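So the structure is just underneath, and the comments pick up after that.
Read-outs: derived from the displayed coordinates by stated rules, not from any lab. Note that the structure is a prediction, hence the values are computed from the model and not measured. Using ideal geometry, Cβ is built from the backbone for each residue, glycine included, and neighbour counts are taken over all protein chains shown.
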Number of protein chains: 2
Amino acid sequence: MPRVLILSKSAGEYQTLVEAASLPRLEKLAVATDPSAAHALGDDFDVVFGEPSLIRKVLGHLPHLRWVQATWAGVEPLLAPSLRRDYLLTNARGVFGGLMSEYVFGYLLQHERRMFERFHAQQEGRWDASLTGTLRGKTLGLLGVGSIGSVLAATALHFGMGVRGYTRASESCPDVGAWYHGSRLLDFARSLDFLVSVLPNTKETRHLVDASLFAQLPAWAVFVNVGRGSVVDEPALVEALETGNLAAAVLDVFEQEPLPPAHPFWSTPNLLMTFHTSAPSFPADLAQLFIENYRRYAKGLSPLHVVDFKKGY
Amino acid sequence: MPRVLILSKSAGEYQTLVEAASLPRLEKLAVATDPSAAHALGDDFDVVFGEPSLIRKVLGHLPHLRWVQATWAGVEPLLAPSLRRDYLLTNARGVFGGLMSEYVFGYLLQHERRMFERFHAQQEGRWDASLTGTLRGKTLGLLGVGSIGSVLAATALHFGMGVRGYTRASESCPDVGAWYHGSRLLDFARSLDFLVSVLPNTKETRHLVDASLFAQLPAWAVFVNVGRGSVVDEPALVEALETGNLAAAVLDVFEQEPLPPAHPFWSTPNLLMTFHTSAPSFPADLAQLFIENYRRYAKGLSPLHVVDFKKGY
């Protein structure tokens, strides 16, 4: 008989959505928007659903904990070696792919269609009939091809692009035309038109995108990061953009967030930044994911999207 | 034994591409970049491939003309009632769908992701973590569902949108969820999130997009025109944008092109303009279309994509 704690800034919205689902066998449902409020609700919860950053602070106070469903794809706050790992941790997968795809291809199309330049012409009252580019026939390289990367690959295919994938080992996405692993990173990057990272923050991915990788890209290439900021050697990216060895970059994530006011990115040319907003967490999506996983859990089945604490995703 | 005239500003490129295809049964291939140069090449051509605006000026001098392949989708210059219609006119179809799709969805994504606003925040050094919108779950209405509209419908489906189609009579695209015809125009438009016109310039389409149509759209709706400018009642569009009854418009085509310097569009709020560049004509695409159609013609088959002079497309 599950006892569920919802610990989230959107706890009220989640409560409404979860209650509407009339979860089977539910013994207790309590909600809190911060860890101290959660402590006051008791310590008998076996299930927690919410933000990893908040859940981290209650981990030590829940002796019966068996399952945590994170509302995020990245679960770094729960991966510190000092923290317990004696429960099932599931993350948000299959939720963000479509949103990430909108973001990535929106910005790739913005680049090819030169939307900012066209608008500049419009503001000057200038009929600018110069040709624009196209995605068709270009090659996209995906650093990381999990549930998000697979949706990106499908969208690339829809737009007539070729797709390469770089992963630890998996080759599970049918829309990727060529696979690369391990030491073949530079081969993977060679002559890509677009390089997109969806990699998580792990020891292996730290500063994987560095000067040697940028050196493989043609001067017209565009780099997009929607994974984690730690994957990028940030000074190397500034250098590549300032020297014109890379045409543009679009970043949604950074090593330090919010980006410090003195960071060179604020004044780096041909860099577009958004602020960790590429895939907004819509409560309806995440509640649905939780509800589906809860039904499995209540039947004694393992929930889906279990994180491997060693791999970190 | 076909005698082919290529009459195009890109005649040299087309010549190279067509010659490389070693067309069967070809008796004569001549190229010109303007009508007066064409006249000097003789009057025995039965096939002309090129821009409708140029071909119009040689129509009266080609007694053996049997087939014209236009490099454009819209063939208005050849439709004037005073011009001969005793030949097969084929237009460029199946070429522009992917490019139009890049344009339309690029701008829809730009709107949902508020790219200009985000860039403004970046320029101000401001970490703007406010939520963005999404295409998923929204409804796209297509005015015109031919070869271009069908690609737009497929892309909309890929992004999780619903699609309505308004056509004269055809219901041939499987990705359209609901069809509307004739007098059901206002029902079609009611509550659409995005209205996209790919309609050609015909008597029936003139000013079809008017104040009564805009009145059916919610205040957050966006209108995109990649068809022909004559479809839009331009003062009604200015009014809808100025009063905030329409959130934004993106126009690639206009009643008069280039847009006159005094036109109110240059200062209309929430209007993004491009300059008849949504689907660039890449010679390689159009040469391929011509070559395929030529092979049919040389075998005595009818070429594909024949224009109905009465319908105008």
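Dipole magnitude of the protein assembly as shown about its Cα centre, charges +1 at Lys/Arg Cβ and -1 at Asp/Glu Cβ only, in debye to the nearest 20? Mind dumping the intermediate values first?
On the way: 56 positive and 62 negative charges, 312 e Å.
Roughly 1500 debye, rounded to the nearest 20.
Set the Förster distance to 41 Å, then compute FRET efficiency between residue B:168 and residue A:120 from the Cβ-Cβ distance, nearest 0.05. Mind showing how you got there, number by number?
Numbers: r = 39 Å, r/R0 = 0.95.
That gives a FRET efficiency of 0.60.
Run the numbers on the stretch A:1-117 and let me know its relative contact order in percent, using alpha-carbon pairs under 8 Å that are six or more apart. The partial results should precede the final answer.
Values: 168 pairs, mean separation 25.0, N = 117.
The value is 21 percent.
Normalised by the residues of chain B, what does the relative contact order come to in percent, with Cα pairs under 8 Å and at least six apart?
Working: 571 pairs, mean separation 49.3, N = 313.
Once divided by the residue count of chain B, the mean separation gives 16 percent.
Rounded, prolate or oblate: pick one for the stretch B:24-64, where a ≥ b ≥ c are the square roots of the eigenvalues of its C-alpha gyration tensor, a/c under 1.5 means rounded, and failing that, prolate if a/b is larger than b/c, else oblate.
Verdict is prolate for the stretch B:24-64.
Give me the compactness ratio for the stretch A:223-294, meaning the Cα radius of gyration over 2.2 N^0.38 Å.
The value comes to 1.40.
Placing unit charges on C-beta atoms (Lys and Arg positive, Asp and Glu negative, everything else neutral), compute the dipole magnitude of the stretch A:188-313 about its Cα centre in debye, rounded to 20.
On the way: 9 positive and 13 negative charges, 145 e Å.
I would put it at about 700 debye.
Among the listed pairs A:138/B:28; A:28/A:57; B:9/B:311; A:57/A:310, which are separated by more than 30 Å between their Cα atoms? Intermediate values should be presented prior to the final figure.
Details: A:138/B:28 36 Å; A:28/A:57 21 Å; B:9/B:311 28 Å; A:57/A:310 21 Å.
Beyond 30 Å between Cα atoms: A:138/B:28.
Would you tell me the mean number of C-beta atoms belonging to other protein chains that fall within 10 Å of each C-beta in B:106-116, as a whole number?
Numbers: counts 12, 5, 3, 10, 8, 1, 3, 8, 2, 8, 4.
Other-chain Cβ atoms within 10 Å of each residue's Cβ, averaged: 6.
Counting DSSP beta bridges with both partners in the stretch A:160-288, what percentage is antiparallel, nearest 5? The partial results should precede the final answer.
Details: 0 of 16 bridges.
Once the DSSP bridges in the stretch A:160-288 are tallied, antiparallel ones form about 0 percent.
What does the structure give for A:153-159 when I average, per residue, the other chain Cβ atoms found within 10 Å of the residue Cβ? Write down the numbers at each step before the final one.
Working: counts 0, 1, 4, 0, 1, 9, 6.
Average neighbour count from other chains, rounded to a whole number: 3.
Please say if chain B is rounded, prolate or oblate, where rounded means a/c under 1.5 for a ≥ b ≥ c the square roots of the C-alpha gyration tensor eigenvalues, and otherwise the choice is prolate for a/b larger than b/c and oblate otherwise? Don't jump to the answer; show the numbers that get you there.
On the way: a/c = 2.05, a/b = 1.92, b/c = 1.07.
Prolate, since a/c reaches 1.5 and a/b exceeds b/c.
Pairs of Cα atoms under 8 Å, at least six residues apart: use those to get the relative contact order of the stretch B:185-313, whole percent. Don't skip to the end; give the middle numbers.
Values: 180 pairs, mean separation 27.0, N = 129.
Relative contact order here is 21 percent.
Ranked highest first by the average count of other Cβ atoms within 10 Å around their residues, in what order do A:149-155, A:116-122, A:298-304, B:102-108 fall? Each step should come with its number before you reach the end.
On the way: A:149-155: 24.3, A:116-122: 15.7, A:298-304: 12.1, B:102-108: 26.9.
The densest-packed peptide leads the list: B:102-108, A:149-155, A:116-122, A:298-304.
What's the average, rounded to a whole number, of partner chain beta-carbon atoms within 10 Å of each residue's beta-carbon in B:264-274? Working shown, then result.
On the way: counts 0, 1, 5, 2, 0, 0, 0, 1, 4, 6, 10.
Partner-chain Cβ atoms within 10 Å, mean over residues of B:264-274: 3.
For the stretch B:172-257, rounded, prolate or oblate, judged on the Cα gyration tensor with a ≥ b ≥ c (square roots of eigenvalues), a/c < 1.5 rounded, else prolate if a/b > b/c?
Numbers: a/c = 1.59, a/b = 1.12, b/c = 1.42.
Since a/c reaches 1.5 but b/c is at least a/b, the shape of the stretch B:172-257 is classed as oblate.
Rank A:4, B:22, A:167 by how far each Cα sits towards the positive end of the charge dipole of the protein assembly as shown (+1 on Lys, Arg Cβ; -1 on Asp, Glu Cβ) and give me just the farthest.
B:22
Among residues other than residue B:29 whose Cβ falls under 10 Å from its Cβ, what is the net charge (Lys/Arg +1, Asp/Glu -1)? Spell out each step's value before the answer.
Numbers: positive: B:3, B:28; negative: B:19, B:27.
Its environment carries a net charge of 0.
Dipole size in debye (nearest 20) for the stretch A:151-246 around its Cα centre, Lys and Arg Cβ +1, Asp and Glu Cβ -1?
Values: 7 positive and 10 negative charges, 56 e Å.
In debye, rounded to 20, the stretch A:151-246 gives about 260.
Per DSSP H run of n ≥ 4, the term is -39500 (n - 2.57); total these for chain A, divide by its residue number, and report the mean residue ellipticity at 222 nm rounded to 500 deg cm²/dmol. Write out the running numbers ahead of the final one.
Details: 10 runs with 91 residues, N = 313.
Computed ellipticity for chain A at 222 nm equals -8000 deg cm²/dmol.
Using +1 at the C-beta of Lys and Arg and -1 at the C-beta of Asp and Glu, which of A:121, A:201, B:146 has the Cα lying farthest in the positive direction of the dipole of the protein assembly as shown?
Most positive-ward Cα: B:146.
Round to the nearest 10 and give me the degree value, 0 to 90, for the angle of helix A:97-113's Cα axis relative to the longest principal axis of chain A.
With rounding to tens, the tilt is 20 degrees.
Residue A:83 label points, 7 Å along Cα→Cβ, one per copy: pairwise distances from this copy to the rest in nm, shortest first?
Taking the point 7 Å beyond Cα along Cα→Cβ, the inter-copy spacings are 6.9 nm.
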